[in-house]
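What follows is a set of notes on a single structure, which appears directly below.
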Amino acid sequence: MNNRFLNLVKFFFLETFKNKSEVFYTMFFPVIFLLLFGFIFGLGDTQHQEENFEYGLVFSSGYLSDTNQSSESAYDTVKAFFDPNKLDIYADNESLKNAVLSSKVDAGIIVDETSKVKVLYNSDPANMQKITWIKFAGENAIKRFLYGAKKDYLSLSSENIGTGRVESNQMDFLLTGIIAISILSGGMFSVINTFGRYKKLGVIKKFMVTPIKSNEFVIASSFNKILLNFFSIVIIIILGKVIYHMNYSFDWPMLIIVCLSSTLGMMAFGILLMVLFKELEVAQSAASILMTVMMFFAGIYFPINIIPGYIRWVSYILPIKYVADLLRHVAGVESMNITTFWLINIIMAASGIILLSLTSRQLMKDQARN
Amino acid sequence: MENIIEVSNLRKYYKTVKAVDDISFSIAAGKVFALLGPNGAGKTTTVEILEGLRRADSGRITYFGKEITKVNFELKEKIGVQLQNTVFFESLTVKETLKGFLGLYEKKFDIDILVKKLELEEKLNSKIKTLSGGQKQRLAIAVALVNDPDIVFLDEPTTGLDPQARRMLWDFINELKLSGKTIILTTHYMEEAEYLSDFVNIVDHGKVIACGTVEQLIDSIGMKSIIRFHSNKKFDSYFKDENLKIIEDTALSSEKKIYEIQTDNVETTLSNIFETTRKNSLSISEIAIRQPNLEDVFLKLTGRTLRD
Amino acid sequence: MKIKSLLSIFLKEDFRNFIVIFWTFVFPLIFFLFFTSLFGNIGNGSENSSDMEFRAGIYFEKPPTGLAKEISQGLVTGLGDKNSGGPFENIYVSSFDEGIQLIKDKKLEIFIVFPENLDMLNLKVVLSSVPAPVVKSYYRSDSGSDFARKIFKSVLDSVNVEFYKRISSAEYTLEVQELNKKASDTFSYKDYLFPSVLLMSILTVSIFNTPLSLAYSIEKGITKKIFTTPIRSGHFLTVVILENLILLGISILLIYIEGKLMGVSPKAFSAKYIAYLFMNVITLISVGLLMLSVFRKLSAVNVAANILYQLMMFLGGLFFDVSHTPMIIRWFVYINPVSYMAQGLRNIINGMPLGFLNYFVPLVWIGACIIIFSLNFKKVMNYE
């Protein structure tokens, strides 16, 4: 790293940080997203690993008279079978139906005189991921109650084989996944957006006539974006601890290494897109699509296993899965074979460096042209 | 001669700046009227009030002998405006842009003639983003003329152009004048004002500080010829000598040893300077004699140059 | 005539802009296709899980006998039987350690260990005081493994119920009923996604394209030049709105064609649906103009558009349920017109009536936006 390069970094540093809306955008946009998705996907609820549902129940009068219990204690008994899920008692079928439709309860259960059990649930696909569990838990609870199945014949104990340094839960997985998305999009968009901006300002041509090497320009101009991105990751990590009481504990030097190698890899990816598509706007759109696809194929919001087999392979060729694994390793959420860890880092960094040095000259030429 | 526009006591104040501060002038039909002044003098604000883009705080404006309170659509039909650094939609072609603007007026001019005169024929079907600076500027002027206006506003039409492109535009503007149009030109190039205008208002800090034809303005400062030279040693003290007393005024740059002196009598002054140098074994070079110009007028009135 | 000329300038610029074409016309189509094929078979419950694939490691500490054998084998076969909808691929491991290693190496989603005392089950059916054998399951925290664990838990639960059912005198029949639509309909993800894609595309044009391109024109002096010509500000605004409507009209038409090809419910093609959609278009155009009049500067409008777009989309319930989010963000769900629009459009498809709020909230937004925008209009246009 020479003087000229440092000077260039400083120059772009001033340029970047004086542009307040840009700084705000790069730093806080991912944070806003974290909060948003955190709340939507219930990150705040880390005390209960299990998602709890609320059911509504209607007993036909005939059934109540069958049991020789006062109605009060009959309700208590049935509630115990639903624990830890909540159970509300409704007077008649109509009010229960309304409660289901208005999402007051997740599902409604009607037990009528003819020994028929009806389970009503709202088929609003907004709950589609939950519906399976709602039905399972509700059906089993009411059946257990009706058949008097207080004790198990076969009981189950589940153990989380945490491979990480800390005791992790699904929320740690989700958040580390979000951070991985943030690193990847930061790396890719830093080059694309920086170039977009500098091309508009007509700066690229001016630098082409100075004795600056193309890859120096690319790295120096994107450096500040990457720095900002790193800050925003730090904010996310701290917020995760403070607001959501996450368990993870980051190995910071290793985190920097992972950030660096994955950012380099993704920068190269961004440049590759620009060289491939020539037009900056096209590259930008391609990058956005790629990010959307990555978000959904990362196994972050839902398991890869439920993606239809014929497109599941996409997950394995996208870098996000691997970067998420690296991050979970440095967050102590999961452990990874140390050789694999370094191998992925080296592949990301090396492919980044190779692509950067091969393509940045072409890129500068393309972008300076008009 | 009929005044096509009359402006009196025009004022436009912003929070901290008096952009236009009690300006009055009148513009004769068929002439080129120039507002000359440094950047930020209030020229653009003044013309934008006349174009109907801004509202004056106070003052009277008369168009075609009728006082107006607002630049209405009838008036807009009669004026053509080229704004400072206008940008057009990048992906449209020259032809599409011209046709698009043509469609916004009732009165229409033949685009082909405009294109030919402004030498844009070759670029007719090119997208605007491929045009050079000069071509874009010419397009802006062409767009200002699509409605065959009586009055044409040109705001800094040649800023940023190379000398050749500038000369070409100057010739075109002269042609426009000959075709009977009234032209209101704002510029900070004194050569441009000198070359093109019949009448000049010099504006500074929102006020008109001088007005008249170019000749009148130059005469008003009572300057004669100006001799400029470069000396190898400091010359300042010699101006006190008896034989250099004819010099009326000196502008000095002692540091650089460059001197500008005014005189009524060029021959005598020159020979006296040479005598002084011979006597004191000085050497002078780069001697030039020129006539005063609008720059000198501005300098005399404000103590600053136009480019400050 | 003037309007036509100006409109043609604006539209030509739009149609030559790759970004506009792509995000307005192409992206919603890809999005719709992509997500319908991705999620089309989720939410049908476990009945249709043939596409899911979880790897379960199975280990018996001691080979079971008798009833215990029968039950455990039945359980395992059920899990792995694709034909009956079992979502697991069974992998028998030869030792406990091997299974643990496989789960650590992510080669299994779940590892199920049947205990040495599984045979106690044979006794327990006759003597209920005998302690129940404990089946152990091992999993990781990642979503796939967690999913597998939940499925296994439910399956084991129903096995327990089965024991009691067999000895019980009573017989209950279970009937599951979907509400919110006619019983004959099956769950249709495309009907759910169709309004989302429509609204997303409206948001793209009204919150992104229009305010940004207007802010650009204002900042670059294009609007200033237009205002030196004899065009009324009302005409200019009409042109902007027409431009919006034309872009949206094309985009919506394309989505409808795709919807038709994919077999979206015919109710989406009803006059009521289209009329309500039109009201949504007007509302969101107003919101876009309001945003422009508040932020004005191109860079500020850019940031605001990005944030508002995401918030309105994700907190509008377009892709997932937001009615149970914490109050810190739920207030936005309530003031977000998109929430009511999405609900309204879905109600129509589901054959339910539109509520008061489905009209009222968008109308309030239209009103407020028009008032604020017209008060601000001259300032916005940089035109005093």
Matching residues, the stretch A:202-214, being open to solvent by 10 Å² or more (accessible area, probe 1.4 Å) and either of a type in the set (D, E, K, R) or assigned to a helix (DSSP H, G or I) (or both): A:VAL203, A:LYS205, A:LYS206, A:PHE207, A:MET208, A:LYS213, A:SER214
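For the stretch A:292-370, which helices (runs of 4 or more DSSP H) that fit wholly inside it have 2 or more residues that are more than 17 Å from the chain's Cα centre (by Cα)? Give the derivation first.
On the way: elements: A:309-317, A:319-330, A:338-369.
Qualifying helices (runs of 4 or more DSSP H): A:309-317, A:338-369.
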Residues located in the stretch C:112-130, provided they are at the interface with chain A (Cβ under 9 Å from one of its Cβ atoms) and more than 15 Å from C:LEU75 (Cβ to Cβ): C:LYS124, C:VAL125, C:SER128
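When the residues of the stretch C:97-131 are filtered to those that are in a loop (DSSP other than H, G, I, E, B) and open to solvent by less than 30 Å² (accessible area, probe 1.4 Å), which remaining residue is farthest from A:GLY177 (Cα to Cα)? I'd like the intermediate steps shown before the answer.
Our first condition is that a residue be in a loop (DSSP other than H, G, I, E, B); within the stretch C:97-131, this holds for C:105-109, C:115, C:125-131.
Still in the running and open to solvent by less than 30 Å² (accessible area, probe 1.4 Å): C:108-109, C:115, C:130.
Numbers: C:LEU108: 20, C:GLU109: 18, C:PRO115: 35, C:VAL130: 45 Å.
The selected residue is C:VAL130.
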In the stretch A:9-27, the residues that are within 12 Å of chain C (Cβ to nearest Cβ) and open to solvent by less than 80 Å² (accessible area, probe 1.4 Å): A:ASN19, A:SER21, A:GLU22, A:VAL23, A:TYR25, A:THR26, A:MET27
Positions within the stretch B:216-238 being more than 24 Å from B:ILE287 (Cα to Cα) and either polar (S, T, N, Q) or not in a helix (DSSP H, G or I) (or both), in sequence order: B:GLN216, B:SER220
Selection within the stretch C:170-218 - within 23 Å of the chain's Cα centre (by Cα), at pLDDT below 75 and of a type in the set (A, V, I, L, M): C:LEU179, C:ALA183
Where a residue in the stretch B:212-224 is more than 14 Å from B:LEU301 (Cα to Cα) and its partner, wherever it lies, is open to solvent by 80 Å² or more (accessible area, probe 1.4 Å), with Cβ under 6 Å and at least six apart: B:LYS224/B:ASP264
For C:LEU156: the one exception among (1) within 7 Å of chain A (Cβ to nearest Cβ); (2) closer than 11 Å to A:TYR153 by Cα; (3) open to solvent by 10 Å² or more (accessible area, probe 1.4 Å): (3)
Filter result for A:LYS199 (surrounded by fewer than 23 Cβ atoms within 10 Å (Cβ to Cβ), touching a residue at least 60 places away in the same chain (Cβ under 8 Å) and under 29 Å from A:TYR25 (Cα atoms)): yes
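Kindly establish whether A:PHE217 is open to solvent by 20 Å² or more (accessible area, probe 1.4 Å) and among the hydrophobic types (A, V, I, L, M, F, W, C).
Values: open to solvent by 20 Å² or more (accessible area, probe 1.4 Å): no; among the hydrophobic types (A, V, I, L, M, F, W, C): yes.
Considered against the rule, which asks whether it is open to solvent by 20 Å² or more (accessible area, probe 1.4 Å) and among the hydrophobic types (A, V, I, L, M, F, W, C), A:PHE217 comes out as no.
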The listed residue being open to solvent by less than 40 Å² (accessible area, probe 1.4 Å), part of a helix (DSSP H, G or I) and among the small types (Gly, Ala, Ser), out of A:GLY164, A:GLY177: A:GLY177
Matching residues in the stretch B:97-124 - criterion: being within 13 Å of chain C (Cβ to nearest Cβ) and open to solvent by 40 Å² or more (accessible area, probe 1.4 Å): B:LYS99, B:GLU106, B:LYS107, B:LYS108
Count - residues of the stretch A:144-173 that are over 24 Å from C:LEU102 (Cβ atoms) and under 19 Å from the mean Cα position of the chain (by Cα): 1
Unique match (being assigned to a helix (DSSP H, G or I), surrounded by fewer than 20 Cβ atoms within 10 Å (Cβ to Cβ), among the hydroxyl-bearing types (Ser, Thr, Tyr) and at pLDDT 80 or above) among A:SER95, A:SER158, A:SER73: A:SER95
Top-ranked residue in the stretch B:7-21 [being in contact (Cβ under 8 Å) with a residue 40 or more places away in the chain and surrounded by fewer than 15 Cβ atoms within 10 Å (Cβ to Cβ); ranked as nearest to B:SER58 (Cα to Cα)]: B:ASN9
In the stretch C:322-349, residue modelled with the highest pLDDT [restricted to those that are open to solvent by 30 Å² or more (accessible area, probe 1.4 Å) and at the interface with another protein chain (Cβ under 9 Å from one of its Cβ atoms)]: C:ARG346
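Does any residue of the stretch C:246-265 turn out to be in contact (Cβ under 8 Å) with a residue 24 or more places away in the chain, under 28 Å from C:LYS297 (Cβ atoms), within 14 Å of another protein chain (Cβ to nearest Cβ) and of a type in the set (A, V, I, L, M)?
Applying the first criterion (in contact (Cβ under 8 Å) with a residue 24 or more places away in the chain) to the stretch C:246-265 yields C:246-248, C:250-252, C:254-255, C:258-259, C:262-265.
Add one more test, that the residue is under 28 Å from C:LYS297 (Cβ atoms), and what stays is C:246-248, C:251.
Filter once more, keeping what is within 14 Å of another protein chain (Cβ to nearest Cβ): none.
No: the stretch C:246-265 contains no residue that is in contact (Cβ under 8 Å) with a residue 24 or more places away in the chain, under 28 Å from C:LYS297 (Cβ atoms), within 14 Å of another protein chain (Cβ to nearest Cβ) and of a type in the set (A, V, I, L, M).
Residue-by-condition table, conditions (1) of a type in the set (Ser, Thr, Tyr); (2) buried (at least 17 other Cβ atoms within 10 Å of the Cβ); (3) more than 22 Å from A:ALA350 (Cα to Cα):
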residue	(1), (2), (3)
A:LEU184	no, yes, no
A:SER221	yes, yes, no
A:LEU228	no, yes, yes
A:LYS241	no, no, yes
A:TYR244	yes, yes, yes
A:PHE250	no, yes, yes
A:PRO253	no, no, no
A:LEU260	no, yes, no
Condition met for A:ILE134 (open to solvent by less than 10 Å² (accessible area, probe 1.4 Å), within 11 Å of chain C (Cβ to nearest Cβ) and out of contact with any Pro (no Cβ under 9 Å at 6 or more places or on another chain)): yes
C:LYS165 vs. criteria of a type in the set (Lys, Arg), surrounded by fewer than 20 Cβ atoms within 10 Å (Cβ to Cβ), part of a helix (DSSP H, G or I) and within 8 Å of chain A (Cβ to nearest Cβ): yes
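Which of the residues spanning the stretch A:274-297 are more than 10 Å from chain C (Cβ to nearest Cβ) and open to solvent by less than 20 Å² (accessible area, probe 1.4 Å)?
Looking only at the stretch A:274-297, we keep the residues that are more than 10 Å from chain C (Cβ to nearest Cβ), and these are A:274-276, A:278, A:283, A:287, A:290-291, A:294-295.
A:MET274, A:ALA283, A:ALA287, A:MET291, A:MET294 - these are the residues of the stretch A:274-297 that are more than 10 Å from chain C (Cβ to nearest Cβ) and open to solvent by less than 20 Å² (accessible area, probe 1.4 Å).
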Count of residues meeting criterion [open to solvent by 30 Å² or more (accessible area, probe 1.4 Å) and either out of contact with any Gly (no Cβ under 6 Å at 6 or more places or on another chain) or modelled with pLDDT of 85 or more (or both)] in the stretch A:335-358: 16
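Filter the stretch B:56-80 down to the residues that are farther than 25 Å from B:ILE173 by Cβ and within 9 Å of chain C (Cβ to nearest Cβ) and list them by number.
Narrowing the stretch B:56-80 to residues farther than 25 Å from B:ILE173 by Cβ: B:56-60, B:65-70, B:72-74.
Passing the criteria: B:ASN72, B:PHE73, B:GLU74.
For the stretch B:170-187, enumerate the residues that are touching a strand residue (DSSP E or B) at 6+ places or on another chain (Cβ under 7 Å) and open to solvent by 10 Å² or more (accessible area, probe 1.4 Å). Walk me through how you get there before you give the answer.
Our first condition is that a residue be touching a strand residue (DSSP E or B) at 6+ places or on another chain (Cβ under 7 Å); within the stretch B:170-187, this holds for B:173, B:176-177, B:181-187.
B:LEU176, B:LYS177, B:LYS181 - these are the residues of the stretch B:170-187 that are touching a strand residue (DSSP E or B) at 6+ places or on another chain (Cβ under 7 Å) and open to solvent by 10 Å² or more (accessible area, probe 1.4 Å).
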Scan of the stretch B:82-95 for residues that are open to solvent by 10 Å² or more (accessible area, probe 1.4 Å), within 10 Å of another protein chain (Cβ to nearest Cβ) and at pLDDT 90 or above, ordered by number: B:THR93
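Need at least 1 residues that are of a type in the set (Lys, Arg) per element, so show me which helices (runs of 4 or more DSSP H) inside the stretch B:132-215 make the cut, counting only ones lying wholly within it. Working first, answer last.
Details: elements: B:133-144, B:163-178, B:190-196.
In the stretch B:132-215, the matching helices (runs of 4 or more DSSP H) lie at B:133-144, B:163-178.
The values are calculated or read from the model by the stated rules, or taken from the named source; none is laboratory data. Just so we're clear, the structure is a prediction, and the values are computed from it rather than from any experiment. For neighbour counting, all protein chains shown are included, and Cβ atoms are generated from backbone atoms with ideal geometry for every residue, glycine included. Surface accessibility is based on the protein's heavy atoms, side chains included, excluding ligands, DNA and RNA. Shrake-Rupley method; radii C 1.70, N 1.55, O 1.52, S 1.80 Å.
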